[in-house]
Amino acid sequence: MKKVNPIDAKFCRFLKAKNPFGTLEGGDNDWYVLEDSNTIYWCVKSNGAGGPDNGPVDPRLCISGRRCYKQRD
Amino acid sequence: MKIDKDRLKSNLEGENQPEGSKKGISRRGFLRGAGLTTVGTVALQTGVLGNSLQEASLGEQSLGPDAVLIKLKVNGRLRSLAVEPRTTLAAALRDHLQLTGTKIVCDRGACSACTVWLDGKPVNSCLTLAVEVVGQEITTIEGIGTEENLHPVQQAFIDHDASQCGFCTPGMIMTATHFLQNHPNPNLDEVKVALRGNLCRCGTQPNVFKATLAAAKKM
Amino acid sequence: MNKFSWYEAKSVEDALDKVNATASDILGKRPNESSVIFKAGGIDLMDLMKEGLVNPGTIVNIKKIPDLDKIEFDEKNGLRIGANVNLATLEGNSLIKDKYLALHLAVGHAGTPQLRNSATLGGNLAQRTRCWYFRSLEHQCFRKGSGTCFAQKGENEFHAIMKNETCASVHSSSVSTALMAFNASVEIATSDGKKRKVRMEEFFVHPEVDSRSENILNSNELITAVVIPAPKAGTKSYYIKQGARESHDWAMADVAVVMEMSGSNCSKAEVVLGAAAPIPIRSKEANGVLTGKSINETVAIAAGEASMKGATPLSGNAYKVPIFKTIVKRAILKSV
Amino acid sequence: MDTKKIKLPYGIPGHNLGEIERDIPVTEPPAWPINEKLKVVGKPVKRYDALAKVTGKAKFTADMQLSGMLYAKFFRSNTPKAKIKSINTNKAKDFPGVYAVEVMKSDEGELPEVKFVGQPLAAVAASSLAIAEEAAKLIEVEYDYEDFVVDVEEAQRSEAPIVHAVAISAQTDGGDVGVTHDGSQTNGNIVGPSTGSFFGGPRGSLDEGFKEADIIVERVYRTQVHTHVPLETHGVVVDWKPGNMTVYASTQSTAGVRNEMAEYFGISKSEVRVISEFTGGGFGAKHSAGVFGPMAAKLSKATGRPVWLMLDRKEEHMAEGYRPNSIHYLKIGAKKNGNLTAIQQRSHGTAGIALGAGVGRIAQVLYECPNFSTEQYDVYTNAGPGAAWRAPGNAQGAFGFEQAIDEIAEKLGMDPVSYRDIIDKSEIRKVERQQGAEKFGWSRRKAAGSDSGAIKKGFGMAQSTWPRFVTLDSTAEVRLMQGGAVEIRSSVQDMGTGTKTILGQVVAEELGIPVDYVTVLIGDTYFPAGPASGGSVATGSITPPARNAAYKAKLELLEQVAKKLKSDPANLTIEDAKIFDKTDGSKAISFKDALQGMRTSQIITNASRSDDYGGFKQEWGLAYGDLGSVQFAEVTVDTETGFVKVDKIVAAHSCGRPLNIAHVKSQINGGVIQGLSFALYEYRVMDKQTGFMMNANVDQYKLPYSMEIPEIESIVIEDYSGTSSTDAYGIGEPANIATAVAIANAVYNAIGVRIYEIPITPDKVLKALNKI
């Protein structure tokens, strides 16, 4: 488990996650992902596990350059 | 899975089979509304379709399919409401009479969350139509006891922490209360048999059993 | 549910005059204003309608028809149970408990206490299978009159292990398992004002005979009663239902055993299996093992074995075979 | 921040209770003694909302009825994989009683690709639910059908249809689908491996570990897809007035839903208010705004009316989450003295179109082992997305791991309890084993399969751990008002856990007043943001701020009272709703009178969760220490029919300082019963031919009812760690981890054959006994 700086990871602003320990990541909160395979991810925009571009919602893929990517403020 | 797209399509979309494949179907023309005696058709506007309402009186033979006015005796009070024949008792209680203590969980008679009493007997209000219970006594969780004057079963549920999320609680109480009225001094096994149709997902049943056994002593 | 009209039938004749279809006739069809069907307790019908499988134009309520809710018994004619008698009433009837224990037990294990207050005996017999493919609007299966049986190659753990070549559904009425063991007949009113009486095995229809209907009822017919012969002296019976749960559940396997005994000797046996085939079936093999024998554990085990002769389990339900063998054995031993 | 030193209770009463000195923030109150010495906290105070629940007056989201409200219904896919050629909503729009129809589309207008049966594609808002349902059926879709896969093993084959087949183009790192930004490659539907868990990655050397081992157990364990089935389905009622969207939500996280709705629509959080007074169960699945949240909001905006959008049972089953399944390979080595030398773990599981199927943690942390490695793979299938389910990954992981440990014990000729005494370093579990074994009557246990006759008894046990998680993003406000009202406010919600009541207890204890003086206002984002109810974080996160805010309010009040009584505020105390001077008992005033005499009509204070006492920083929500549990199971196995019945469970648990013993025990009952059901009854039936869930109801999806409920005895052990002003933690997930495997171990003890897959249905038992 490690803390990931969302700016470095360039996660899409609409990527959200719920960790096993109950906290929601993305939006208000920092990211603590990548080495935890119990985390459920979803896209706020498509409200599901498929992105608006129909690709998978995955922190490894929901990054800068993807068609539906939106930068965080 | 490799799919046979044509088969899938026909499985999923094809729906009508040849008519009259069965023997002996009586094709006597059925006149809609035949025998209908429109006693006091009232021109009430509903929020639904704005149709005029047919008022159902006892002994009325034909109703609907549009909304009709019926009177239901709920918790000792006669209530007037406009329902379609397809309106379930659960929907009538919840949506029309704002008696939302009756819960809908499975909507198929398998969880008993919608239990109400019909002439004193527990039934699934989700599988009962409002039009078919005109003239019968309907009792809901709201008619069991009041906040000021709780039924002993309700009090026992509070005392024994017999609800977690609380969504199954009204159905549990309706079932347990009826059971205790007919089995004044039950044992644990009998309580379990009585409650075998009531689903609880929080896993609060052990306390429901305790509460029911405790209430038995106070009824 | 689609919109429908409502008609309160005042008599059997009145009801038969109105109705023009069975639920099976309109199964899977789009809402049709001209279709008229019966409803009694409505437990099964409401389910079918909520799933969108049955969309009638008018429902004829037969529940308030007088005289269909009587239970009568005399030694000559036996037991006559009106079609509108609900299962809770049956369960509470002490005569049935004394003379027809297997029926009492079967009724007591049907549905939930709540459902038994609404469900009628007639409706219980006329209910459709709980096969999950049948109950799914999107699966046009064999029992709906088209396509193939999805259960054959699909998910079939609760399906038939006998007579399952065309359709592997099982009939869901566990009450009928007991009724068949008591050699009950179904009394049916027809539209010409007459009545006909058919034995249970004729009442149920195997999918090979009629893929869409599970019973012989025509659209202009109505069950009015179930008649059971008076039990001969020395008759013993028992019923066991095995569901995935002990709480309310559909039968994974159920069995009713009725034996005429003189002393410890069985002079006549009726072993009926439910949830084994698309319709309840009488096990001639088990009956053969029991008849003329003194009933003990060895004989009971042999009858259990015999009851599964010719079983053709599917990919996911071979486990039902040992369960049937066991509950047949246990029901035999419990009944004596 | 300025700190002060205080002494706090530390350890287990009756075992090793002592004190520990910690630096704590100066603004925080002095330590509470152990529960025995407290008046309200720890006691079985009755649920604040019990009266509303037993009278049917509790208004859940599904019960909301607002003026002019419309009812909405989704139209969902009935095929598991397809592109949508066209979608026609005209007939639905024209249907009498319909007010609006919305189609699921991206901001750019793209239609979604269908990836599972039950995927929402559009929704209808109408004047009644019946009309909305009828109209939704009139929506027509033309699909371009594609091959699909729903089985976790089939999905791993190289020729399997690809679930997420859409190419992700223009990825800056040059990747296409299947290539991740860190360069690792995905293989078809297989994603991973993840080689870490909450506490770091692999350690030591497996080769050396296994070389050292005297015995090795190597097995594959399987767990099923387990749906949540909260009795109240997912859903919302949204009333979107200009500048103000009110969302009534059945949720575990009001603040989370608020944030998502604001983000989705690009509006200020201040414009969104989320209210959840009652939530009819969640169990991990109800954290997000879902598809239904934004959809209901769009329909509300389009019609200018409030919109009710609750799912039905079938939708809930197909689309709103489940515990992913697992195929869990374990190889464990041990020395003759019992010490573990190596643990190798590999798992595959499917959360459908989503991620999150790992099971690694329990094997990694429960016992010390110098050599460990894990590979956890997610497998995409054409099924709805999984969701967190009470101890995500842990219940699945424990099912394999604690059976393997039992097997090692047997190979070593040791009793399972005694063996764990050797390998388990946890002090709390040691006490739980002792007390649990005694209460259970563990000494009755005989050799596996030694019961004669067809009906056999069996006894088993298993252990678990859950971290103490908290979230610092937890704030509570306390108000003291003239007239006597005392309020605690937070957005935290109560989905049946008892959060409302424990907040009242904490405030009452701190203020020295009866619990019925305190009004608890929660489940509303107009109040300060509280934590989500998940991960067992709520209690440990929000009760310290509640106490601290009450403490601050008390100090302000006593300051004012001191002037009146001409006392030093430091000498004032409150007991039994009376404020008095400890040095001069004649100087006294009742709490209510004191409130009446306040300078302003109210005192308002708030506090947020601080880092744990002693300088333990909440790096990512992890407090230090763990929550241990030991459960014992007694089963009866009918070897002729294969049916297993659980007769009794003894569950020994810790949750720091228990705040309400009745609620803790209720939650343990819940965790145990859900675990029992996981072990024996429930599983999702997916049809491989058509991709449908065949048992998306509650009669064929086998949930336990009254007859399946065993006798449950719980032992709750106080375990003080001096980490916060309440030192309390949750019990939700800990209660759910060990049950299934304890039952599996008991089944083995009964029949002498191990069963490596749950649910342990009759067919598995009969197969294990070679009867089929």
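The values are calculated or read from the model by the stated rules, or taken from the named source; none is laboratory data. Computed from a predicted structure; not experimentally measured. Here the Cβ positions follow ideal geometry from the backbone for every residue, glycine too, while neighbour counts run over all protein chains shown.
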Task: Test for D:Ala738: is it away from every other protein chain (no Cβ under 11 Å), of a type outside the set (Ser, Thr, Tyr), within 19 Å of D:Gln674 (Cβ to Cβ) and in contact with a strand residue (DSSP E or B) (Cβ under 6 Å, 6 or more places away or on another chain) - done: yes
Open item on the list: Of all residues being surrounded by fewer than 21 Cβ atoms within 10 Å (Cβ to Cβ) and not in a loop (DSSP other than H, G, I, E, B) in region D:264-274, which is nearest to the other protein chains (Cβ to nearest Cβ)? Just the residue, please.
Closed with: D:Tyr264
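Specify which of the listed residues (B:Thr169, B:Thr102, B:Thr128, B:Thr115) is on the phi < 0 side of the Ramachandran plot, within 10 Å of chain D (Cβ to nearest Cβ), hydroxyl-bearing (Ser, Thr, Tyr) and in contact with a strand residue (DSSP E or B) (Cβ under 9 Å, 6 or more places away or on another chain).
When all the criteria are applied, what remains is B:Thr102.
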TODO: Scan region B:66-82 for residues that are part of a strand (DSSP E or B) and without any contact (Cβ under 8 Å) to a residue 60 or more places away in the chain and jot them down.
DONE: B:Leu69, B:Arg77, B:Leu78, B:Arg79, B:Ser80, B:Leu81, B:Ala82
Open item on the list: Return the residues of region D:456-511 that are part of a loop (DSSP other than H, G, I, E, B) and not hydrophobic (A, V, I, L, M, F, W, C); say none if nothing qualifies.
Closed with: D:Thr471, D:Asp473, D:Ser474, D:Gln482, D:Gly483, D:Gly484, D:Ser491, D:Gln493, D:Asp494, D:Gly496, D:Thr497, D:Gly498
Open item on the list: Which count do you get for residues in region A:44-73 that are over 19 Å from D:Gln119 (Cα atoms) and assigned to a strand (DSSP E or B)?
Closed with: 1
Task: Members of region D:46-80 found to be among the aliphatic types (A, V, I, L, M), outside any helix (DSSP H, G or I) and surrounded by 23 or more Cβ atoms within 10 Å (Cβ to Cβ), listed by number - done: D:Ala58, D:Leu70, D:Ala72
TODO: Those residues that are within 13 Å of chain C (Cβ to nearest Cβ) and assigned to a loop (DSSP other than H, G, I, E, B), I need them from region B:196-214; list them, please.
DONE: B:Arg196, B:Gly197, B:Asn198, B:Leu199, B:Cys200
Open item on the list: Every residue in region D:278-304 that is part of a loop (DSSP other than H, G, I, E, B), surrounded by 21 or more Cβ atoms within 10 Å (Cβ to Cβ) and not polar (S, T, N, Q), please.
Closed with: D:Phe278, D:Gly280, D:Gly281, D:Gly282, D:Phe283, D:Gly284, D:Ala285, D:Lys286, D:His287, D:Ala289, D:Gly290, D:Val291
Open item on the list: Just checking: which of the helices (runs of 4 or more DSSP H) contained wholly in region C:94-158 hold 2 or more residues that are of a type in the set (S, T, N, Q) and more than 22 Å from C:Ser185 (Cβ to Cβ)?
Closed with: C:113-118
Task: Of all residues making up region D:358-417, the number that are part of a loop (DSSP other than H, G, I, E, B) and of a type in the set (Val, Ile, Thr) - done: 2
Open item on the list: I need a count of the residues in region C:291-305 that are in contact with a Leu (Cβ under 9 Å, 6 or more places away or on another chain) and part of a helix (DSSP H, G or I).
Closed with: 5
Open item on the list: Looking at region C:166-182 only, could you name the residues that are among the small types (Gly, Ala, Ser) and either more than 14 Å from chain B (Cβ to nearest Cβ) or assigned to a strand (DSSP E or B) (or both)?
Closed with: C:Ala168, C:Ser169, C:Ser173, C:Ser174, C:Ser176, C:Ala178, C:Ala181
TODO: Any chance you could count how many residues in region C:206-221 are assigned to a loop (DSSP other than H, G, I, E, B), in contact with a helix residue (DSSP H, G or I) (Cβ under 9 Å, 6 or more places away or on another chain) and buried (at least 19 other Cβ atoms within 10 Å of the Cβ)?
DONE: 6
Task: Flag for D:Leu8 being buried (at least 22 other Cβ atoms within 10 Å of the Cβ), in contact (Cβ under 8 Å) with a residue 12 or more places away in the chain and closer than 16 Å to D:Gly722 by Cα - done: yes
- [ ] Tell me, please, whether a residue that is at pLDDT 95 or above, buried (at least 22 other Cβ atoms within 10 Å of the Cβ), closer than 30 Å to D:Ala285 by Cβ and among the acidic types (Asp, Glu) can be found in region D:361-383.
- [x] no
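Table: residues versus (1) surrounded by 24 or more Cβ atoms within 10 Å (Cβ to Cβ); (2) in contact with a Pro (Cβ under 9 Å, 6 or more places away or on another chain); (3) farther than 30 Å from D:Gly691 by Cα.
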site: C:Thr148; (1), (2), (3): no, no, no
site: C:Ala160; (1), (2), (3): yes, yes, no
site: C:Ser173; (1), (2), (3): yes, yes, no
site: C:Ile188; (1), (2), (3): no, no, yes
site: C:Lys197; (1), (2), (3): no, no, yes
site: C:Glu201; (1), (2), (3): no, yes, yes
site: C:Ile223; (1), (2), (3): yes, no, yes
site: C:Ala230; (1), (2), (3): no, no, yes
- [ ] Give the residues of region C:245-262 that are farther than 17 Å from C:Val175 by Cα and in contact with a helix residue (DSSP H, G or I) (Cβ under 8 Å, 6 or more places away or on another chain), sorted by residue number.
- [x] C:Arg245, C:Met259
Task: Residue in region D:123-134 that is more than 21 Å from B:Arg86 (Cβ to Cβ) and of a type in the set (Ser, Thr, Tyr) present - done: no
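Listed here are the residues, each with its yes/no results for (1) polar (S, T, N, Q); (2) farther than 17 Å from C:Ala244 by Cβ; (3) in contact with a His (Cβ under 8 Å, 6 or more places away or on another chain); (4) crowded, with 22+ Cβ neighbours inside 10 Å.
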residue	(1), (2), (3), (4)
D:Phe678	no, no, yes, yes
D:Arg684	no, no, yes, no
D:Met707	no, no, no, no
D:Glu713	no, yes, no, no
D:Ser725	yes, yes, no, yes
D:Glu733	no, yes, no, yes
D:Val747	no, no, no, yes
Open item on the list: Please go through region D:391-401 and give me each residue that is over 11 Å from D:Ser464 (Cβ atoms) and at pLDDT below 95, ordered by number.
Closed with: D:Pro392, D:Gly393
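If you take the residues of region D:317-360 that are of a type in the set (D, E, K, R) and buried (at least 24 other Cβ atoms within 10 Å of the Cβ), which of them is farthest from D:Phe692 (Cα to Cα)?
The residue in question is D:Arg323.
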Open item on the list: Within region B:138-161, does at least one residue satisfy the condition of being within 11 Å of chain D (Cβ to nearest Cβ), closer than 22 Å to D:Pro704 by Cβ and not aromatic (Phe, Trp, Tyr)?
Closed with: yes
Open item on the list: Among the numbered criteria (1) buried (at least 24 other Cβ atoms within 10 Å of the Cβ); (2) touching a strand residue (DSSP E or B) at 6+ places or on another chain (Cβ under 9 Å), which one does C:Leu79 miss?
Closed with: (1)
Task: Residue, nearest to D:His663 (Cα to Cα), within region D:500-524, restricted to residues that are free of Cβ contacts under 8 Å to residues at least 60 places away in the same chain and touching a strand residue (DSSP E or B) at 6+ places or on another chain (Cβ under 7 Å) - done: D:Leu503
Task: Matching residues, region C:183-193, being out of contact with any Phe, Trp or Tyr (no Cβ under 6 Å at 6 or more places or on another chain) and either in a strand (DSSP E or B) or at pLDDT 95 or above (or both) - done: C:Asn183, C:Ala184, C:Ser185, C:Glu187, C:Ile188, C:Ala189, C:Thr190
